[in-house]
């Protein structure tokens, strides 16, 4: 074990921050580390938007489901898949790039590039003693988010990241057993063993919630996931993604 592994394994979402803004140097270091992440074929298909306007933060918090920590943090970053830049490149170089950038493959590249950059940003922030929380709730209403951010065609906001000085730290949430995640050589399919591992994990999660809430909550992971997946949410996404000029082919 070394300090880098300890940092990674100590991650937890922070949802309460001190009323203290990040410095310009901290913001630039986080973004520069994001840019240092791996990128498919050097395409760098993402843009990061930092939100400092309190009114915009408030409106984004409303979109995200009234999450107060979207408005109250040290800095709020929004990570966007961005192929608009590459359309401009085609125009600059007089090349027909549209069939490529409108493909499902390049859409996936943009999503993966953005996620890799964001995780680098998260690790950089945590290495400075800051806390972070990913905000997927922005996808509740991407039309409104795009309007607030004035994003052009072929730019898709994917998620936010609240960053700041932690005012409160929660216990680390237990992850799935390693055997559930890591398979060697091929996908292992043993329904009996899988059910056994999930039952053990359910007990761990139930105890975690019970301890964290003084017995007010003791739901299992499989129960939580089944209930969540049974609800149809953000079902507009396919049409919206295509409306901004992505994943057309």
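Would you work out the relative contact order for region 114-249, in percent, from Cα pairs under 8 angstrom that are 6 or more residues apart?
On the way: 92 pairs, mean separation 29.1, N = 136.
Value for region 114-249: 21 percent.
Give the relative contact order (percent, whole number) for region 1-117; include only Cα pairs under 8 Å separated by 6+ residues.
Once divided by the residue count of region 1-117, the mean separation gives 34 percent.
How many percent of the alpha carbon pairs in region 178-218 exceed a separation of 15 Å? Could the numbers behind the result be given before it?
Working: 433 of 820 pairs.
Percent of Cα pairs beyond 15 Å in region 178-218: 53.
Order of 210-220, 141-151, 226-236, 110-120 by packing, highest average Cβ count within 10 Å first? Show your work: numbers first, answer last.
Working: 210-220: 11.8, 141-151: 16.7, 226-236: 9.2, 110-120: 20.5.
Result, highest mean first: 110-120, 141-151, 210-220, 226-236.
Given that compact globular proteins tend to follow 2.2 N^0.38 Å, what is the ratio of the alpha-carbon Rg of the chain to that value?
Against the compact-globule rule of thumb, the ratio is 1.12.
How high is the relative contact order of the chain? Use alpha-carbon pairs under 8 Å, at least six apart in sequence, and give a whole percent.
Reported as a whole number, the value is 26 percent.
Could you work out which residue, out of 32, 52, 23, moves most in a Gaussian network model of the chain, that is, has the largest mean-square fluctuation with Cα springs under 10 Å?
Most flexible of the set in this elastic network: 23.
Binning at 10 Å from 0, report for region 46-179 what percent of all alpha-carbon pair distances ends up in each bin.
Computed distribution, short to long bins: 11, 36, 32, 16, 4, 0.
Note the angle between two axes, namely the Cα long axis of helix 24-35 and the longest principal axis of the Cα atoms of the chain, as a number of degrees from 0 to 90, rounded to the nearest 10.
90
Rounded to the nearest 500, what is the chain's calculated 222 nm mean residue ellipticity when only DSSP H runs of at least 4 contribute -39500 (n - 2.57) each, over all residues?
Computed ellipticity for the chain at 222 nm equals -14500 deg cm²/dmol.
Helix 221-230 against the longest principal axis of the chain: what's the angle in degrees, Cα atoms only, rounded to the nearest 10?
40
Pick out which of 105, 193, 87 has the largest mean-square fluctuation in a Gaussian network model of the chain, springs linking Cα atoms closer than 10 Å.
193
If the elastic network links every pair of Cα atoms under 10 Å, which of 90, 65, 137 fluctuates the most in the Gaussian network model of the chain?
Ranking 90, 65, 137 by mean-square fluctuation puts 90 first.
Can you tell me the Rg and Dmax of region 7-69, counting just the alpha carbons, in angstroms?
14.9, 40
With the cut-off at 16 Å, report for region 22-118 the share of all Cα pairs above it, as a whole percent.
So the pairs more than 16 Å apart make up 63 percent of the total in region 22-118.
Every number in this text was worked out from the coordinates using simple rules, so none of it is lab data. If you're wondering where the values come from, they're calculated on a predicted model, not measured in any experiment. Methodologically, a virtual Cβ is constructed for each residue, glycine included, from the backbone with ideal geometry; neighbour enumeration extends over all protein chains shown.
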